[in-house]
Amino acid sequence: MYTLDKGKKILCKATHKKNAVGRIVLFDHLSDSNHYSEKDLEFIFKKFYQDQADEFLNLRIIEEGYKESFYWTEREFFELLGFFDSTILLEMFKKYVFEDRMNFLKAFNMALDAYLEFGKTDPFYPSTEEKLRTLEYLRQRLLLRLESIIYRYKIREIKENSIIVVNRFKKEYFYNMPKYVKGFICRKDENYNLARLYANEYQLTIAISDHAFFEDDMVIIDSLKEEIILNPDEDLIAMYQNQMMSSMKYIIKGPGMSLDPITLFTSTNDLRNIKEIISSEWFSGVCTFKSEFFYGAKGTIPTLEEQTKLYIKLLKTAGDKEVYINIPDFRPDKPVDIMGDEYTDFSTFLRLHPVFTTNVLAIAEASRITNKVVNMVVPMIRLSNEMSSWVDYIRVAFKKSNAQQPLLGMMVETETTLEYFEDFELYDFVVIGLDNLIEEMIDNQNRYSKIIYKDFMFELKNDLRDLHQYYRSYSKRIRHIVSGYCLNNPDILLKLMRLGFKEFSIPVDCMPKAGEVVKFFASTRGTFKGVAAERVIQKQIRDEMEKEKEREKLEEEEKKEEELKLIEERKKKYKID
């Protein structure tokens, strides 16, 4: 460990207001292959050949969905596949790595360039401009897949909390991410919005810093102060670790009381913390499991086997608790590289049905194997006739798999579904997605904002109240679960409970604040009535908010002091008056 900088603080840019503590693991996809054994290299090559075949299969599925621009014949497609599968190309690639110990990505590029130069006699040579363009697209896709393989091989044996240092953010680093990865430090500030999305959804920190870190350095990322502390002392490490674990400790501890009449769920997009979530007395299950991130982190379409294995583990771990799984919510701001700018809707399904079929069949098979009924959620509904088409398709798929029919519902997360809810056919439940509603309906607000209570009430209160009364009416009685990061705002959560909403999905990191509001609301029912109950709850909320403001004020003052100190140090160093 390099210790000369012990306790040094480095300014950084942070994407998510969550701290992280861990040992530095350096990953450079451009380093040479000298440190790999022959066995390591053989494993990486074997995995690459598998991924190459998978990439071609997925490309075929996507291109088939665009028949109006589909310029290949069946024969031309397999000619391109044959070119990449050439023995000469693969042997050149292996020589550069095994004998010359060249970097994997450089070796692949050199082998492909060389073969393009002298392999024109190959019967599979891409002779047209269209094929050459596709070849270049595949080159970039395979380079990314190769980098992902090398990355996963690098972190496969991590057994302690770690911070991964990478050149630039790539969402593929989140694919099958180990539980011990607590954050990332990116040397370059690129793809900030995408990095923020993944940091937020995976509830970990991504910092931007070009500092030269050393392998095995212990670091703290303080996201609120936007600084990285190098090799801190044990007391400081312990303090930050306790802060990091506060949300998880809170949900493990449980409420210690009945929350009746409130029911809570939480959302997730992977299985890192699924055991803690399911074992917690706070939650009645998972709502929703965001399956699109499994696609996004892989960058392509996960296989049927991959997805089935994932959902079996999810459903088995859930036991008798409920699980709500959403159809992958594809859209440009949550990209799956191979799918371009597609949105999830039924017209996309008709074009790219193998993508959705694989997902639904995997869930159906997992349901059959675990003998557990699942709840299927359809996202981003905008037209009143869309839902019935999805329902028919899902039911046929589950019947084909001999699985128990799922319970079915839609996300209310568009302005259309909120304002014209009476026009949409009802099934078993709805999930109200406040984050997307806020972004669609409130100017200059998003899921990362501290949502202003009065703006929320002005834009959404009346529609939400009417929607609740409609769903709870005797003739309907449709379950409706409210979800979103804005439930971290005590005033908003309290108001929704006072409006009569009883089921909520709250992110794990929001639970320490939201949980106390729910506990107090549940404990005061029957103790205080009407206005008295409202006043008691509002007083506690105000007290908590004042404490929070005071904490933020102190942190801001400390940050300013540190910045001034750093400026003074720089002035002295460079002899600036």
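Kindly indicate the residue of segment 276-326 that is closer than 30 Å to D341 by Cβ and among the small types (G, A, S) and also modelled with the lowest pLDDT among those meeting that condition. Selected residue: G299.
Among residues belonging to segment 449-465 that are in contact (Cβ under 8 Å) with a residue 12 or more places away in the chain and open to solvent by 70 Å² or more (accessible area, probe 1.4 Å), point out the one that is nearest to the chain's Cα centre (by Cα).
Looking at residues that are in contact (Cβ under 8 Å) with a residue 12 or more places away in the chain and open to solvent by 70 Å² or more (accessible area, probe 1.4 Å), I get K450.
Here D435 clears all of (1) without any contact (Cβ under 8 Å) to a residue 12 or more places away in the chain; (2) under 28 Å from the mean Cα position of the chain (by Cα); (3) in a helix (DSSP H, G or I) except the condition numbered (1). Condition first: in a loop (DSSP other than H, G, I, E, B) and open to solvent by 30 Å² or more (accessible area, probe 1.4 Å). Now tell me which residues in segment 245-260 satisfy that. M245, G256, M257, S258, D260, listed by residue number.
Of everything in segment 439-448 that's part of a helix (DSSP H, G or I) and in contact with an Asp or Glu (Cβ under 8 Å, 6 or more places away or on another chain), which residue is least open to solvent (accessible area, probe 1.4 Å)?
Kept after step one, since they are part of a helix (DSSP H, G or I), are these residues of segment 439-448: 439-441.
Restricting the remaining residues to those that are in contact with an Asp or Glu (Cβ under 8 Å, 6 or more places away or on another chain) gives 440-441.
Working: E440: 69, M441: 23 Å².
Looking at residues that are part of a helix (DSSP H, G or I) and in contact with an Asp or Glu (Cβ under 8 Å, 6 or more places away or on another chain), I get M441.
Annotation: I163 fulfils all but one of (1) touching a Lys or Arg at 6+ places or on another chain (Cβ under 8 Å); (2) surrounded by fewer than 16 Cβ atoms within 10 Å (Cβ to Cβ); the unmet one is (2). Considering (1) farther than 14 Å from V360 by Cβ; (2) open to solvent by 40 Å² or more (accessible area, probe 1.4 Å), the lone condition that L304 does not fulfil carries the number (1). The residues of segment 286-308 that are touching a residue at least 60 places away in the same chain (Cβ under 8 Å), part of a strand (DSSP E or B) and of a type in the set (A, V, I, L, M, F, W, C) amount to a single one, C287. S223 falls short on exactly one of the conditions (1) closer than 22 Å to I155 by Cα; (2) of a type outside the set (F, W, Y); (3) open to solvent by less than 70 Å² (accessible area, probe 1.4 Å), and that condition is (1). When N242 is tested against (1) part of a helix (DSSP H, G or I); (2) surrounded by 22 or more Cβ atoms within 10 Å (Cβ to Cβ); (3) not small (G, A, S), exactly one condition is not met: (2).
In segment 309-324, what residues are surrounded by fewer than 20 Cβ atoms within 10 Å (Cβ to Cβ) and not in a loop (DSSP other than H, G, I, E, B)? K309, I312, K313, K316, T317, A318, E322, listed by residue number.
In a residue-by-residue description of segment 389-407, the property of being open to solvent by 10 Å² or more (accessible area, probe 1.4 Å), under 20 Å from N436 (Cβ atoms) and not in a loop (DSSP other than H, G, I, E, B) applies to no position. Hey, does segment 169-177 have a residue that's among the hydrophobic types (A, V, I, L, M, F, W, C) and under 17 Å from E55 (Cβ atoms)? No: segment 169-177 contains no residue that is among the hydrophobic types (A, V, I, L, M, F, W, C) and under 17 Å from E55 (Cβ atoms).
The values are calculated or read from the model by the stated rules, or taken from the named source; none is laboratory data. Bear in mind the structure is a predicted one, so any value in this text is a computation, not a measurement. So basically every Cβ, Gly included, is an ideal-geometry build from the backbone, and we count neighbours across all protein chains shown. With ligands, DNA and RNA removed, areas are computed over all heavy atoms of the protein, side chains included. Shrake-Rupley method; radii C 1.70, N 1.55, O 1.52, S 1.80 Å.
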